[in-house]
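Down below is the structure, laid out as structure tokens.
The values are calculated or read from the model by the stated rules, or taken from the named source; none is laboratory data. All of these numbers come straight from a predicted model, not from anything done at the bench. Positions of Cβ are generated from backbone atoms using ideal geometry, with glycine treated the same way; all protein chains shown enter the neighbour counts. The protein model used for the area step is the full one, side chains on, heavy atoms only, and it has no ligands, DNA or RNA in it. Shrake-Rupley method; radii C 1.70, N 1.55, O 1.52, S 1.80 Å.
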Amino acid sequence: MKSHLFLLSIVAMIFFFECRTFAHDHHEAAIGGEKLSSGSLYNLSSDWQTQEGKTIKLKALQGHPVVIAMAYTSCPSSCPLIVNQMKQLQSKLPQTTGTVFVLASFDSKRDLPAKLKKYAEQRKLDEQHWFLLHGSRNSVQELAATLGIRYTEDSDGDFDHSNLISVLDSKGVIRFQQAGLNSGVKELQEKISDLESGRP
Amino acid sequence: MTKLKLMLLIFITPLFSFAGMEGMVAVPAGTYRPFVLKSNSKKGALQTFRSIPVKLASFYMDQKVVTNQDFSDFVKMHPEWSRSEVPVIFADEHYLSSWKSDISSGGTDRQKKPVTGVSWFAAKAYCESLGKTLPTTDQWEYALEDKGRNSPALKNQILEWYSKPNTRSLQDAGSDSANGYGLHDMAGVIWEWTLDFNAFMAEDELRDNSNTGSLFCGGGSLGKLSADDYATFMRFSFRSSLKAKDTTMNLGFRCAKEKS
């Protein structure tokens, strides 16, 4: 009996050691057979919830130009300006535009879908063109890092952050970025029309 | 020893392995005054200061930096992180460029050396695959501070390291003597990624934008930095100059783990 226990403990030991293996995780490498571009933002495979409560991956945005920025609903000053710039840009595009506007929230804790929906309604961000996204802290960190946006959460749960509007092509590759709040929307508009008409 | 003791030993030792703790030490809880780097556009100067003390809970930290061997094991299991497969959005064109092949740094003498030429995404993926994370900047700096145990000698060591051009090859990970927490490689070996390396700094116009350019612009208050804080300033400035996909030949990492 004792020797059986001893053997069992050896087996258990081997088993436990083998468990120290690298957990498998898989990057989304293909969308319906077509491989993602190496420079595509859509290589980020985490899940996000929209203001409608739908769960999506960023690659769901592929197929049209995307204007993307990061903000949060409780943001006192700079975020309303970013949103206004994006709305202004939208107003300069044709009605038939396929371009979508994405606002990803820094605030994983408070900016849940219902709050995002309310924010969208208050600011008249139409659901045909606007995606407001809630994600985990990790997703937010990765997206900010990929876009090159800096941010820090302070002790009150508010965020200090840089301001950056990025334009992605239909494959999710960053084609243009505009920093700050003072540059107007002319260049952004030009870039979008280039992308929409297939100009390089 | 008795059979009972032997069995207990056999059961308990692998439990550390199962929890992923081997090669880690517990850094005890304590307070720490974060170094802050901000630009003050009104005064036209760079501001550095130590903010109010923050409490850090105890956490686990890798005793040594991650080696070529460690990273090679990871890439074998996750070929999507090999240099020929990794998306360019996650790692620049110099990713693992010193390695002999996709899966090995080559040379038995290189296996125990710190892995460098890795991006933040790659470092993060490595840690997460082991159920760990990158340490936060606060955790890393707190660990370096070592409760002020070796303060003058440590600061001299760091300043000396920063002042030398890096022509010598890297030493093996863990070959220096450990600090008071049992951590190796904290000074004089490589720069290390942290989880929140891209924390906000007041203004982006603090550095020129050339890739090989200087890390920072000078400012009036910079001259008032003590030698003590100059070394810290160098690290903060370096980290904030990085983009997540960047790799450099002197930048590696280690992992940490929250205590649940």
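For segment A:43-188, what number results from the quotient of the Cα radius of gyration and 2.2 N^0.38 Å?
That works out to 0.95 for segment A:43-188.
Return the sequence-ordered ³J(HN,Hα) values of segment A:172-187 in whole Hz as given by the Karplus equation 6.51 cos²θ - 1.76 cosθ + 1.60 applied to θ = phi - 60°, using x for Gly and Pro.
Per-residue couplings from phi come out as x, 8, 5, 10, 7, 9, 10, 8, x, 10, 10, 8, x, 10, 4, 5 Hz.
Starting from the Cα of A:Lys35, draw a straight line to each of the aspartates and glutamates and keep only those under 15 Å, dropping any in the same chain fewer than 8 residues away.
Straight-line reach from A:Lys35, under 15 Å: B:Glu80, B:Glu85.
In terms of modelled amide H atoms, which long-range or inter-chain residues lie less than 5 Å from the amide H of A:Val102?
For A:Val102, the qualifying residues are A:Val67, A:Ile68, A:Ala69, A:Phe131.
Quickly rank B:21-34, B:116-129 as a protection proxy: mean count of other C-beta atoms within 10 Å, highest first.
Output ranking for B:21-34, B:116-129: B:116-129, B:21-34.
Peptides A:92-100, A:70-78, A:137-145, B:143-151: what's the order by average Cβ count within 10 Å, highest mean first?
Order by mean packing, descending: A:137-145, A:70-78, B:143-151, A:92-100.
Residue by residue, what Karplus-based ³J(HN,Hα) values in Hz, rounded to whole numbers, does segment B:238-254 have, using 6.51, -1.76 and 1.60 with θ = phi - 60° and x for Gly and Pro?
Each residue of segment B:238-254 in turn: 4, 4, 6, 7, 7, 10, 4, 8, 5, 9, 9, 6, 10, 10, x, 5, 9 Hz.
Work out the FRET efficiency for A:Gln88 and A:Ser155 from their Cβ-Cβ distance, taking R0 = 45 Å, and round it to the nearest 0.05.
The computed FRET efficiency comes out at 0.85.
Report Rg(Cα)/(2.2 N^0.38 Å) for segment A:56-122, keeping two decimals.
Ratio of Cα Rg to 2.2 N^0.38 Å: 1.16.
Where in segment B:175-200 does accessible area fall by at least 50 Å² between the isolated chain and the complete protein assembly, at a 1.4 Å probe radius?
B:Asn198, B:Phe200
Sorted by mean Cβ packing within 10 Å, highest first, what order do the peptides A:150-159, A:187-196 take?
Descending mean neighbour count gives A:187-196, A:150-159.
As a test of the definition: with a 1.4 Å probe, what buried accessible area, both sides summed, do you compute for A against B, in Å² to the nearest 100?
Summed over both sides, the interface buries about 3400 Å².
Please identify every one of the GluC sites (Glu not before Pro) in segment B:48-104 that sits in a loop by DSSP and has no more than 11 other beta carbons within 10 Å of its own beta carbon.
Answer by residue number: B:Glu93.
Rounded to the nearest 0.05, what FRET efficiency do B:Asn150 and B:Gln47 have when you use their Cβ-Cβ distance and R0 = 25 Å?
It comes out at approximately 0.35.
Which parts of segment B:82-115, residue by residue, lose 50 Å² or more of accessible area when the rest of the protein chains are there, as against the chain isolated (1.4 Å probe)?
Listed in order, they are B:Ile89, B:Phe90.
If you take each beta carbon of peptide A:139-146 and count the beta carbons of other chains within 10 angstrom, what is the mean?
4
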